[in-house]
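Visitor: Here it is, the structure in full.
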Number of protein chains: 2
Amino acid sequence: MSQRPTRILILGGGFGGVYTALTLEKLLKREIRRGDVELGLVSRENYMVFQPMLPEVISGSIGILDTITPIRRLCPNTNLYTRTVESIDLNHRSVSSTAGFGSRQHHLHYDHLVLALGNVTSFAGQPGLAEYALPFKYLGDALALRNRTIQTLEEADIEQDPEIRRALLTFVVAGGGFSGVEAVAELNDFVRAAAASFRNVDRREIRVVLVHAGRVILPELPASLGQFAQTILMKRGVEIRFETLLAGATADAALLQGGDRIATRTLVSTVPSGPNPLIAMLPLKMERGRVAVDPTLAVPDYPGVWAVGDCAAIRDAKTGELCPPTAQHATREAQCVARNIMATLRGEARRAFSFQALGKMGALGRRSAVAEIFGLKVSGFLAWWLWRTIYLAKLPGLDRKIRVATDWTLDLVLKPDIVQLKTERVPGVRREYFEPGQVIFREGDHGEWLYVVREGEVEVLKGDAAGQETPLRRLGPGECFGEIALVSDRPRSATVRAVSATNVLAVDREAFQALFATLPPLRGFFESLIETRR
Amino acid sequence: MSQRPTRILILGGGFGGVYTALTLEKLLKREIRRGDVELGLVSRENYMVFQPMLPEVISGSIGILDTITPIRRLCPNTNLYTRTVESIDLNHRSVSSTAGFGSRQHHLHYDHLVLALGNVTSFAGQPGLAEYALPFKYLGDALALRNRTIQTLEEADIEQDPEIRRALLTFVVAGGGFSGVEAVAELNDFVRAAAASFRNVDRREIRVVLVHAGRVILPELPASLGQFAQTILMKRGVEIRFETLLAGATADAALLQGGDRIATRTLVSTVPSGPNPLIAMLPLKMERGRVAVDPTLAVPDYPGVWAVGDCAAIRDAKTGELCPPTAQHATREAQCVARNIMATLRGEARRAFSFQALGKMGALGRRSAVAEIFGLKVSGFLAWWLWRTIYLAKLPGLDRKIRVATDWTLDLVLKPDIVQLKTERVPGVRREYFEPGQVIFREGDHGEWLYVVREGEVEVLKGDAAGQETPLRRLGPGECFGEIALVSDRPRSATVRAVSATNVLAVDREAFQALFATLPPLRGFFESLIETRR
């Protein structure tokens, strides 16, 4: 009786991880109560995002907190560690996670480990995307997109320059799969409805563009439903660019493959997702960046280690096909892994995983959707009604169901919210990317950033009274510019333009002053730099 | 007819500014439509916060966005500039504000200027407050407090060290006026209700402390109501420390005048508010840090300049007393200034400002409040009912009224939300304060920050196997420590303790790597520093 309890540790707070905990709580109720089994779940956030409703956060038709469910409420008998996993040691059966308020790392031992870490957004290899494209995966992403959209409307309302206005009022979404289509539909509805509250913005000036690699959107569904979705979106004002790939981004444009560019301040990319770096570091057999598992979801060679959800390469036991990375599958995989862990603890036989998806649905904004359910194609209002009914039923937690149902009811009568929720500004350092020829700042501009060249080359230009610009000098990696405006509060004394593709580091005024006032060697360096450039 | 329109520019998006715009829109309807008058309002945020309901954001009993109203919806005929005012030039009649996406400053000319900039939170002279105390004035503050509260519960749930646990579960609010009392009441209700969802947190471990300078809380009300409020709060578990002043803070304690300290990770200070620095820079006659105005709310010597709200020193025309900084007064002052601007435009006589407050109310959390209305004292449930009814009626915008009424209804049946809404982490630089003797980090800790001493002195200590610590060196202003852990990923190699009161600058791993990998002189400096300390 004084034996140590068996510890089952789950990594990841998405559908895979949470449903594994939830199912284990039910299956091992007695063992948990007796203290024979201990459940732990490590999640970066203390809530689970209900992904299908995330696009509605953009328009505020669902309250910000209502698409997410606190994990503690769903799994009351699981120890929740709201931490980021830092490393996994399969040989010593331990997991370490980041420190909280203090500075001590957390180490957790396990007997059974369930990997449910999902995949990550990865913009590697596409210049400027990491800096300027908005991802669309987490709740924070949806909020950031909502705020960006309102900010561009705010700016457009008082902007005089027609070119800047056009870029401000252009919104680009890359990726015509479920997530891109649902995002563009909500974004389009929201921005057009919100524009009515801006005195100087004409609804007709707004451009919403969907960039899609294929010939028909929603490749997950039969082509006829994709075509239906296209017609609806286009009727509502969305421009679709077919067979087009996003190649990169600058602060004010989406760069397309082939050299085309769309001037915009709001670029959303739902396309790229890469393997989780934590998973990639493990000494495990991988398949397409995902952990290979046997038919019972166990990881070969490491007894007690399991994997489910988007981070696992799971082949359906009946069809032999790789399971798609959807919530439906993750939920069923979680239930299967929970049963197999119980079977292992009790010395019973494990079962192989097999699941036939019930259907697929995609929302198209106000009162329209497309769905394929049990092989049946449904579109328009009926599909939309099904979408709402099914997802409301699937949303975990009764209180969330009530809240979302209320939100949807209010949304029928109230105007969309246009409040811009700014978060606290931290003195910061950020990366930026500039195309060859792109101006980084102009003489006379107000200066808020110091720049350090990381890669590439820039040219410093000084204008004369006639508007003619003379090159003063060229700067390369490790050299900096823009320091005078930060030290003296005067406007920019010269124009700086990228000569080649250039990556810079930008340091804002507050971080600059904090750092450079304190560190004497730095102060000396900048004082002499400013002296020589005077 | 080709004459330039008269420009009325209002600075500030609080009650004073927004109600001035709103009243002018009504009074000058014809002039605005004809293009004779142009209204402009500059506000840092695109919404107005309904302050009385702000405390309810802590507990989530009102949705995050529902206590705030988009200014554009309230004042559809005013040009809204969502910018921060940077300077006011009274001689050239122009105002400049920060740049938005681009880098160009915005300049606005005016014929009439209404100063409604309010006051600001100011922690000057109290060490550590700027770094660690949470203010409670803006929507962002309420959200930050809500998140901090949930974070401490999350941490306490998995913390083993009893001393750290105790600090995590202690919540301190400084200031027993309306805003402090309402904040402590909501915070207390929320944290005690939320604790039920945390497996390893016992409700009885929670301490909520109100620190108040006087002998009775709510000095704005008759003492009997303050006493009623005290009894209610204490019955609900709030500890009140009377005749106590907050003197400073460290990361893990509230420092009281006289040398006492309360170990806590959550310190809210509602006390200090200073004059707005923009107002302080103006060449105007001031009274207690506020702009002196004549009885018609005009600023002497500068025709066309007016001031209302918390930034103005307004004497009531009947009583001669200084008007208190409340929303009730700001609203009435705004209506008066709008009428007087209209009178000036039309060459009519201006009126002097006088207003007798209707009453004062303070909410005490679930189903209790205190109020003094038309001289009548009311407390308990009736006061709470009055509070909700009156404020719901005063909340601007019909859609907000509906949303808040719905929130309140749902709140009767649903549990409080415990979702922690993290915002994007920016690579950062922050200031920190340490008391003499306080440990900054310990040998073996996980290192995430590099520190630079700004003021004071620290001591580096190395422990031996017996636990004995030997001082290695002392470091003063401009010197840095903690760099090895950031460069090498190893735990801290020594303990660092503050010798005197020490202000440091902390640079996080990401900012450190971004900066120091790029700037060659810095890299050289740190490489040689690490070499000498090896």
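Computed from the coordinates by the stated procedures, all read-outs in this text should not be read as laboratory data. Computed from a predicted structure; not experimentally measured. Every residue, glycine among them, receives a Cβ derived from its backbone with ideal geometry; neighbour counts consider all protein chains shown.
Visitor: Place the label 7 angstrom along Cα→C-beta at A:Arg204 and in each other copy, then list the distances from the first to the rest in nm, shortest first.
Guide: Ordered by distance, the counterparts are at 7.3 nm.
Visitor: Working from Cα positions, state the angle (0 to 90°, nearest 10) between the long axis of helix A:520-533 and the longest principal axis of chain A.
Guide: The answer is roughly 40 degrees.
Visitor: I've got another one for you. Using only the alpha carbons of chain A, what is the convex hull's orientation-averaged projected area in square nanometres? Present the calculation step by step, with values, prior to reporting the outcome.
Guide: Working: hull surface 116.3 nm².
The Cα convex hull of chain A, projected and averaged over all directions, gives 29.1 nm².
Visitor: Return a whole-number percent for the relative contact order of segment B:229-285, with Cα pairs under 8 Å and 6 or more residues apart as the contact set. Don't skip to the answer; put the middle values down first.
Guide: On the way: 36 pairs, mean separation 9.3, N = 57.
Rounded, it is 16 percent for segment B:229-285.
Visitor: Relative to the other copies, what are the label-point distances for B:Val499, with labels 7 Å from Cα along the C-beta vector, expressed in nm at one decimal and sorted shortest first?
Guide: 5.0
Visitor: Can you give me the relative contact order of chain A as a percent, contacts being Cα pairs under 8 Å and 6 or more apart? Please list the in-between numbers first.
Guide: Working: 1081 pairs, mean separation 72.3, N = 534.
Value for chain A: 14 percent.
Visitor: To continue, here is another question. Expressed as an acute angle from 0 to 90° and rounded to the nearest 10, what is the orientation of the C-alpha long axis of helix A:223-235 relative to the principal long axis of chain A?
Guide: That helix lies at roughly 40 degrees to the long axis.
Visitor: Over the Cα atoms of segment B:147-242, compute the convex hull volume and normalise it per residue, giving Å³.
Guide: Convex hull volume per residue, Cα atoms: 84 Å³.
Visitor: Report the relative contact order of segment A:156-231, percent, no decimals, based on alpha-carbon pairs under 8 angstrom and at least 6 residues apart.
Guide: Numbers: 80 pairs, mean separation 27.9, N = 76.
Relative contact order comes out at 37 percent.
Visitor: Nearest 5 is fine: what % of DSSP beta bridges in the protein assembly as shown come out antiparallel, could you say?
Guide: Working: 121 of 187 bridges.
For the protein assembly as shown, the DSSP antiparallel bridge percentage is about 65.
Visitor: For a quick check: sort B:Leu392, A:Leu39 by the number of other beta carbons within 10 angstrom, fewest at the front.
Guide: Values: B:Leu392 14, A:Leu39 24.
Going from sparsest to densest Cβ surroundings: B:Leu392, A:Leu39.
Visitor: Measure off 7 Å from each Cα along the Cα-to-Cβ vector at B:His107 and B:Arg490, then give the distance between these two points in nanometres to one decimal.
Guide: 5.9
Visitor: Hey, what does the equivalent ellipsoid look like for segment A:448-521, semi-axes from the Cα gyration tensor as sqrt of 5 times each eigenvalue, largest first, whole Å? Intermediate values should be presented prior to the final figure.
Guide: Numbers: eigenvalues 106, 56, 16 Å².
Output for segment A:448-521: semi-axes of 23, 17, 9 Å.
Visitor: Now, a different point. If each label sits 7 angstrom from Cα along the C-beta direction, how far apart, in nm, is A:Glu469 from its counterparts in the other copies?
Guide: In ascending order, 5.7 nm.
Visitor: Still on this model: Under the Kirkwood approximation applied to all pairs of distinct alpha-carbon atoms, what is the hydrodynamic radius of segment A:240-382 in Å? Could the numbers behind the result be given before it?
Guide: Numbers: mean 1/r = 0.0540 Å⁻¹.
By the Kirkwood definition, the hydrodynamic radius is 18.5 Å.
Visitor: Got a sec? How would B:Tyr19, A:Tyr138, B:Tyr302 order by Cβ neighbour count within 10 Å, fewest to most? Working shown, then result.
Guide: Values: B:Tyr19 27, A:Tyr138 18, B:Tyr302 15.
Taking fewest neighbouring Cβ atoms as first place, the list is B:Tyr302, A:Tyr138, B:Tyr19.
Visitor: To continue, here is another question. Over segment A:267-315, consider all pairs of different Cα atoms and compute the Kirkwood hydrodynamic radius from their mean reciprocal separation; express it in Å, one decimal. Don't skip to the answer; put the middle values down first.
Guide: Details: mean 1/r = 0.0863 Å⁻¹.
Averaging 1/r across every pair of different Cα atoms and inverting gives 11.6 Å.
Visitor: Starting from the alpha-carbon convex hull of segment B:87-159, give the projected area averaged over all orientations, in nm².
Guide: That works out to 8.7 nm².
Visitor: Test of understanding: ordering B:His92, A:His106 by Cβ neighbours within 10 Å, fewest first, what list do you get?
Guide: Values: B:His92 9, A:His106 19.
The order, fewest Cβ neighbours first, is B:His92, A:His106.
Visitor: Separate question: Using only the alpha-carbon atoms, what does the protein assembly as shown span along each of its principal axes? Please give whole angstrom values in decreasing order.
Guide: 93, 67, 66
Visitor: What is segment A:1-132 by shape, rounded, prolate or oblate, if you read a ≥ b ≥ c off the alpha carbon gyration tensor as root eigenvalues and call it rounded for a/c under 1.5, prolate for a/b larger than b/c, and oblate otherwise?
Guide: Values: a/c = 2.36, a/b = 1.44, b/c = 1.63.
Cα axes put segment A:1-132 in the oblate bin.
Visitor: Relative to the longest principal axis of chain B, what angle (0 to 90°, nearest 10) does the C-alpha long axis of helix B:509-518 take?
Guide: 80
Visitor: Could you please state, rounded to a whole Å, how far the C-alpha centre of segment A:38-98 is from the C-alpha centre of segment A:337-387?
Guide: Between the Cα centres of segment A:38-98 and segment A:337-387 lies a distance of 21 Å.
Visitor: When DSSP assigns beta bridges and you keep just the ones with both residues in segment B:6-92, what percent turn out antiparallel, to the nearest 5?
Guide: On the way: 3 of 13 bridges.
In segment B:6-92, approximately 25 percent of DSSP beta bridges are antiparallel ones.
Visitor: Return the sequence-ordered ³J(HN,Hα) values of segment A:156-165 in whole Hz as given by the Karplus equation 6.51 cos²θ - 1.76 cosθ + 1.60 applied to θ = phi - 60°, using x for Gly and Pro.
Guide: Result, rounded to whole Hz: 4, 4, 10, 7, 9, 5, x, 5, 5, 3.
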